[in-house]
Structure formats: structure tokens, C-alpha cells
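Undergrad: Please find one structure pasted underneath; my questions will follow.
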């Protein structure tokens, strides 16, 4: 059921509900892996373990791609969801990412950049790109009313 605009779904379209539900399942797994990876990164920073930091950064980049894809999928549909529980879950995950998950990642990336700029300047530059990417991912989430 299209509402007339190309690609725009109506509120009663069950594919919106299904798609949001499916993406939420994926997001749950990604958020869990993201949190675990941030813990690994933090532990590596505390220990100044460059190998652990490097592995956590590579993993963070992969997770970030998945999170970004899912945010880009769910964000335009969240207000179209008829099921209030599903809508609340979607907003909860998006809110968590905006307020906590991606914020924590920014903080850890800034700490990693400070540490690595003196130890590994090349990787320090890569982290600057990571910081920019996380900020870009967070930006559209600011428009959601949690």
C-alpha cells in the first residue's frame, strides 16, 4: 500500500512493521557486540595494549557499518509503526545509541587518538576519521523524540 509518493509506505502497511521488527532484532545483536567491543577498547586503553586497541578499532569499524545501515533503515520508518510497543523498542534502541553507545564510543575514540598520536601517528589519523564517522551516525538520531 503506497500512499501515493514513490516508496513511501502507509502506516497500515504490514511490511513496515515486519521490517522494523527484523531490523530491531539485528540492532539488538549489534548493540550487544558494540558494548562488548567498547569494553575491550577501554581495557586496551587502560593497559596501553596497542594490539588489543587495534583489534577493537577494527571490530568497531565493522560494527559501526552495521549500526549505520540499520539506523538508516529504521529511522525513516519508526514514526510509521502502528504497534506502540514496537515503536517504543525502536526509539529505545535509537535513544540508547544516541545517548550512551555512540557517546561512549566517541569518548573512547578521543582517548585512543590521544594515546596513539604519540605511539602510532598513522592509526591516530584513522581514529580521527572514526570520530567523524560516529558524529555523522549520531547526527540524524538527534531528530528523534525519545
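Undergrad: Just to be sure, is residue 37 farther than 18 Å from residue 106 by Cα, modelled with pLDDT of 95 or more, surrounded by 12 or more Cβ atoms within 10 Å (Cβ to Cβ) and in contact with a helix residue (DSSP H, G or I) (Cβ under 9 Å, 6 or more places away or on another chain)? Lay out the reasoning, then the answer.
TA: On the way: farther than 18 Å from residue 106 by Cα: no; modelled with pLDDT of 95 or more: yes; surrounded by 12 or more Cβ atoms within 10 Å (Cβ to Cβ): yes; in contact with a helix residue (DSSP H, G or I) (Cβ under 9 Å, 6 or more places away or on another chain): yes.
In short, no.
Undergrad: Sort out which residues of segment 1-14 are surrounded by 11 or more Cβ atoms within 10 Å (Cβ to Cβ) and at pLDDT 60 or above, and write them in order of number.
TA: Within segment 1-14, 12, 13 meet the criteria.
Undergrad: If we scan segment 42-63, do we find a residue that is closer than 30 Å to residue 16 by Cβ, more than 13 Å from the chain's Cα centre (by Cα) and surrounded by 16 or more Cβ atoms within 10 Å (Cβ to Cβ)?
TA: No; the residues of segment 42-63 include none that is closer than 30 Å to residue 16 by Cβ, more than 13 Å from the chain's Cα centre (by Cα) and surrounded by 16 or more Cβ atoms within 10 Å (Cβ to Cβ).
Undergrad: Also, I was wondering about something else. Restricting to segment 10-41, and then to whatever is farther than 19 Å from residue 102 by Cβ and free of Cβ contacts under 8 Å to residues at least 24 places away in the same chain, can you tell me which residue is nearest to the chain's Cα centre (by Cα)?
TA: Ranking the qualifying residues of segment 10-41, first place goes to 25.
Undergrad: Can you tell me which residues in segment 48-61 are touching a helix residue (DSSP H, G or I) at 6+ places or on another chain (Cβ under 9 Å) and in a helix (DSSP H, G or I)?
TA: 50, 51, 52, 53, 54, 55, 56, 57, 59, 60, 61
The values are calculated or read from the model by the stated rules, or taken from the named source; none is laboratory data. If you're wondering where the values come from, they're calculated on a predicted model, not measured in any experiment. We place every Cβ from the backbone using ideal geometry, glycine too, and count neighbours over all the protein chains shown.
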